[in-house]
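Scroll down for the structure; my scribbles are underneath it.
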Amino acid sequence: MNKTAIALLAVLFLLVVSCARKGNDGIDTEVTTLGDTEVTAQLVEIPGPFPANDLYNYAYVLKYHVLQTHRGKVQGDEILVAQYNPLKPRSGAQDELSGKVGGKLETFRAGDIHRMALASPVDQFWMGGIVDKYFETKGVRYWAIWTNPASR
């Protein structure tokens with residue numbers, strides 16, 4: 001076998017291996033240790049535009065479809081999650097009022113997949129304003145402590 005054929009086979013092998021890799025699982029130390037629950041979930045919808053952050057800090061409730069529960073328990077396969085100041089990237093969301101919140105997620109888009117460390121109920125972690133357009137839906141509201149982008 002000549003050098004060109006060997007090089008071509010090596011490139012082909014690397015291409016096959018790189019295509020076979022799993023997507024981003026969203027794992028880091030914080031998401032796997034914070035809170036009492038950890039899930040990978042798809043953001044189903046954002047029920048309206050996020051209010052500006054210039055007047056007050058708030059949490060906004062988003063609907064997620066749970067793809068996998070890694071630790072803890074959630075009620076059902078659709079959950080409602082309060083994200084603190086969702087206009088800010090998660091890495092800059094934490095402030096003197098929020099307690100520990102963060103992550104690698106830059107922006108919220110319906111259809112995206114997130115790996116999250118959660119705690120519940122939200123009123124045990126956040127006593128400020130909450131925008132909850134699902135107020136008629138009974139059930140737990142989870143507090144998002146850490147949110148990372150993920151993929152399937």
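The values are calculated or read from the model by the stated rules, or taken from the named source; none is laboratory data. This structure is a prediction, so every number in the text was calculated from the model and none was measured. A quick note on method: Cβ atoms are made from the backbone with ideal geometry, for glycine too, and the neighbour counts reach across all protein chains shown. Just the protein is used for accessible areas: all its heavy atoms, side chains included, with ligands, DNA and RNA removed. Shrake-Rupley method; radii C 1.70, N 1.55, O 1.52, S 1.80 Å.
For this structure, a couple of remarks:
- Summed over the stretch 116-134, residues that are out of contact with any strand residue (DSSP E or B) (no Cβ under 6 Å at 6 or more places or on another chain) and modelled with pLDDT of 95 or more total 1.
- Meets criteria (buried (at least 18 other Cβ atoms within 10 Å of the Cβ) and within 22 Å of Ile27 (Cβ to Cβ)) for Thr40: yes
- Members of the stretch 112-152 found to be closer than 18 Å to Thr69 by Cα and over 10 Å from the mean Cα position of the chain (by Cα), listed by number: Ala119, Ser120, Pro121, Gly139, Val140, Arg141, Tyr142, Trp143, Ser151, Arg152
- Considering the stretch 75-102, the residues that are outside any loop (DSSP other than H, G, I, E, B) and either aromatic (Phe, Trp, Tyr) or over 22 Å from Thr32 (Cβ atoms) (or both) include one that is least open to solvent (accessible area, probe 1.4 Å), namely Tyr84.
- Val131 meets each of the listed conditions (1) open to solvent by 60 Å² or more (accessible area, probe 1.4 Å); (2) more than 17 Å from Glu38 (Cβ to Cβ) apart from (1).
- Residues (of a type in the set (Val, Ile, Thr) and in contact with a Ser or Thr (Cβ under 8 Å, 6 or more places away or on another chain)) located in the stretch 102-131: Ile113
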